[in-house]
Amino acid sequence: MEHSKEFLELAEAAQSRVREISVAEARAKVEGGTPLIDVREDNEFAAGHAESATHLGRGVIERDIIGKFPDTDAELILYCGGGYRSALAADNLQKMGYTNVLSMRGGYAAWESE
């Protein structure tokens, strides 16, 4: 997917403020019980997603996160299609007081290819 320069600047700024982890690190953490959150659109999630993922799309995650994951110190891993939207979501969750949120580099595309 081609992204605008403005979107890339915004996403890269968010990436500089969040902790990113590899797919291998994410898989190990998920196997240990860390929640995996898919922030993609409904149709993307319906087309395929990581087996244990909870769906909280970018349009609703800030609104609904407290209801699903009220512990703001709990470790959470976010992913999207390629890693940009999850970084944006992680950045916002940090602004909401979440202290241990991670963004998976490469997103679902990387998850599927590994």
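Just one of the numbered conditions (1) on the phi > 0 side of the Ramachandran plot; (2) crowded, with 18+ Cβ neighbours inside 10 Å is not true of residue 14: (1).
Let's see how each residue does on (1) β-branched (Val, Ile, Thr); (2) at pLDDT 95 or above; (3) part of a loop (DSSP other than H, G, I, E, B):
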residue: 40; (1), (2), (3): no, yes, yes
residue: 46; (1), (2), (3): no, yes, no
residue: 49; (1), (2), (3): no, yes, yes
residue: 67; (1), (2), (3): no, yes, no
residue: 77; (1), (2), (3): yes, yes, no
residue: 86; (1), (2), (3): no, yes, no
residue: 94; (1), (2), (3): no, yes, no
residue: 98; (1), (2), (3): no, yes, yes
residue: 103; (1), (2), (3): no, yes, no
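Considering only the stretch 15-28, I want to know if a residue exists there that is part of a strand (DSSP E or B), among the hydroxyl-bearing types (Ser, Thr, Tyr) and closer than 18 Å to residue 112 by Cβ. Looking for residues that are part of a strand (DSSP E or B), among the hydroxyl-bearing types (Ser, Thr, Tyr) and closer than 18 Å to residue 112 by Cβ, one finds none in the stretch 15-28, hence no.
Figure legend. Inter-residue proximity from the stretch 15-28: first residues touching a residue at least 24 places away in the same chain (Cβ under 8 Å), second residues β-branched (Val, Ile, Thr) and surrounded by 13 or more Cβ atoms within 10 Å (Cβ to Cβ), beta-carbon distance below 6 Å, spacing 6+ or different chains. Indicated pairs: 26/77. For the condition surrounded by fewer than 16 Cβ atoms within 10 Å (Cβ to Cβ) and free of Cβ contacts under 8 Å to residues at least 24 places away in the same chain, residue 48 does not qualify.
Residue selection: residue 40 satisfies the criterion of being in contact with a Cys (Cβ under 9 Å, 6 or more places away or on another chain) and not hydroxyl-bearing (Ser, Thr, Tyr).
Contact map, the stretch 84-97: residues that are farther than 11 Å from residue 62 by Cβ and in contact (Cβ under 8 Å) with a residue 24 or more places away in the chain paired with residues that are aromatic (Phe, Trp, Tyr) and not in a helix (DSSP H, G or I), Cβ distance under 7 Å, separation 6+ or inter-chain. Pairs shown: 86/79.
When 29, 5 are checked against the criterion of being out of contact with any Lys or Arg (no Cβ under 7 Å at 6 or more places or on another chain) and surrounded by fewer than 18 Cβ atoms within 10 Å (Cβ to Cβ), a single residue qualifies: 5. Inspection of the stretch 47-63 finds a residue satisfying the criterion of being of a type in the set (A, V, I, L, M), more than 19 Å from residue 26 (Cα to Cα) and touching a strand residue (DSSP E or B) at 6+ places or on another chain (Cβ under 9 Å).
Residue-by-condition table, conditions (1) of a type in the set (Ser, Thr, Tyr); (2) under 15 Å from the mean Cα position of the chain (by Cα); (3) more than 17 Å from residue 108 (Cα to Cα):
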position: 14; (1), (2), (3): no, yes, yes
position: 22; (1), (2), (3): yes, yes, no
position: 38; (1), (2), (3): no, yes, no
position: 42; (1), (2), (3): no, yes, no
position: 49; (1), (2), (3): no, yes, no
position: 53; (1), (2), (3): no, yes, no
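Selection within the stretch 51-65: residues that are among the acidic types (Asp, Glu) and at pLDDT 95 or above. The member of this set that is farthest from residue 13 (Cα to Cα) is 64.
The values are calculated or read from the model by the stated rules, or taken from the named source; none is laboratory data. All values derive from a computational prediction rather than experimental measurement. Cβ sites come from the backbone with ideal geometry, for glycine too, and all protein chains shown count toward neighbours.
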